[in-house]
Structures are given as C-alpha cells and as structure tokens.
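Since every read-out is calculated from the coordinates, none of them should be taken as a lab result. Please read these numbers as outputs of a predicted model, since none were measured by experiment. Positions of Cβ are backbone-derived with ideal geometry, glycine not excepted, and every protein chain shown enters the neighbour counts.
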Amino acid sequence: MKKSLSIGLSAFALAALLSGCAGTSGTATSPTTTPGSAAGSTSAPASTSAPAAATADLKVAESTAGPIVVDGKGMSVYYYTKDVKDSGTSTCTGGCLEAWPPVLAASDTPTVDGVTGTVGTIATPDGKKQLTVNGMPVYYYAEDLAAGDIKGQGVGGVWYLVAPSGEMITAAAGY
C-alpha cells in the first residue's frame, strides 16, 4: 500500500509540474521524455513500416487548427514567441526545455514534405542541431503524447503551432 501511494504521488507531482510550465524559465527538475526521441524514450516507435531514411524531418498534417507542421512521426511542433528570428539561438533553456524539448534534425540536411517555409538548423548548447522554420527554432510540447495532439497551442500566450508556410498560427484551435 505504501509503495502504490508513493508511485501515485510521484505521478501526480509530475503531472502538476508539466501543467504549470507556460513558457517561462522554471525550476523543474524531473526528467521528461522527448517526443520522437529514442534516448530515454519508453514508448514504441510510431511506425515501423517505413524506413527511417524515407521519413521527412518535418512534414504537413491536418489538425483542428488547420494544416500544421509536424515531425516525421506526426508530432506537432511549436514556435516560442520569445525567440528572435535569425538569431541562431534558442531562448528556451533550463526548466523550459523539460516541457518544450527542441525538435532535432536527423541529419545535417533536414528533409521536408509539404513545408514551404525555409527549414534550417541551429546548434544547441550540447552540439545537436535544432530545426528552424523561417529562422525560428521549433519545439515539441511534452504533454503532446500522440501524433495529432496540439495541447501546446497558445500555452502562456507564447507558444504557437507552425503553419506550412512558416507563419505562426495564433488563432485558438477549434476544439
């Protein structure tokens, strides 16, 4: 009984922590799983029918907010309004990155399918390549657990979905 109470309280604390991040630097210290990442992931891959090389880094999918940019597994990507276009850096650091992990490039040359905005990369502090669209870094939202989730849309008035053209979708999702 004591063990199940401890597990329940831990799960509750993690849920409370994730729901509290609205884009400001936080003091969160618990690890989260990065959508679309193999490192530390406990979920199965979204699809094993297509070879990895054939999957685009970014593509277009339909959502209740209209057409949006998603990663190769269908996970929604977001802009952070506090980032500066073409600065070559991300302003989401520390605890922010736990709730809003960067979308990383699979190779030095990102591939796209249907995205008409300019796709590039910037270096992360740990030497990885974060994808950018029209000069703005893009991120996942840790609470988006499945392809098609858009729970991060409008969070804190600073996180917004990315349109295929690279524009920021600031309208509320129709759900």
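Just checking, which of Thr118, Thr111 is surrounded by fewer than 21 Cβ atoms within 10 Å (Cβ to Cβ) and out of contact with any Leu (no Cβ under 9 Å at 6 or more places or on another chain)?
Thr118
Would you be able to tell me the number of residues in region 76-133 that are of a type in the set (Gly, Ala, Ser) and within 14 Å of the chain's Cα centre (by Cα)?
4
Residue by residue through region 61-85, note down the ones that are of a type outside the set (A, V, I, L, M, F, W, C), within 22 Å of Gly114 (Cα to Cα) and not in a strand (DSSP E or B).
Residues satisfying the conditions are Thr64, Gly72, Lys73, Gly74, Lys85.
All but one of (1) surrounded by fewer than 19 Cβ atoms within 10 Å (Cβ to Cβ); (2) closer than 19 Å to Pro67 by Cβ; (3) in contact with a Pro (Cβ under 8 Å, 6 or more places away or on another chain); (4) not polar (S, T, N, Q) hold for Met168; which doesn't?
(3)
Check whether at least one residue in region 124-134 is of a type outside the set (A, V, I, L, M, F, W, C), closer than 15 Å to Lys73 by Cα and either touching a residue at least 60 places away in the same chain (Cβ under 8 Å) or in contact with a strand residue (DSSP E or B) (Cβ under 6 Å, 6 or more places away or on another chain) (or both), and report yes or no.
No, because not a single residue in region 124-134 is of a type outside the set (A, V, I, L, M, F, W, C), closer than 15 Å to Lys73 by Cα and either touching a residue at least 60 places away in the same chain (Cβ under 8 Å) or in contact with a strand residue (DSSP E or B) (Cβ under 6 Å, 6 or more places away or on another chain) (or both).
Here is a check on your reading of the model: is Val155 more than 20 Å from Thr55 (Cα to Cα), surrounded by fewer than 21 Cβ atoms within 10 Å (Cβ to Cβ), touching a helix residue (DSSP H, G or I) at 6+ places or on another chain (Cβ under 9 Å) and not acidic (Asp, Glu)?
Considered against the rule, which asks whether it is more than 20 Å from Thr55 (Cα to Cα), surrounded by fewer than 21 Cβ atoms within 10 Å (Cβ to Cβ), touching a helix residue (DSSP H, G or I) at 6+ places or on another chain (Cβ under 9 Å) and not acidic (Asp, Glu), Val155 comes out as yes.
Mind checking which residues of region 145-171 are of a type in the set (Gly, Ala, Ser) and touching a Phe, Trp or Tyr at 6+ places or on another chain (Cβ under 7 Å)?
Gly152, Gly154
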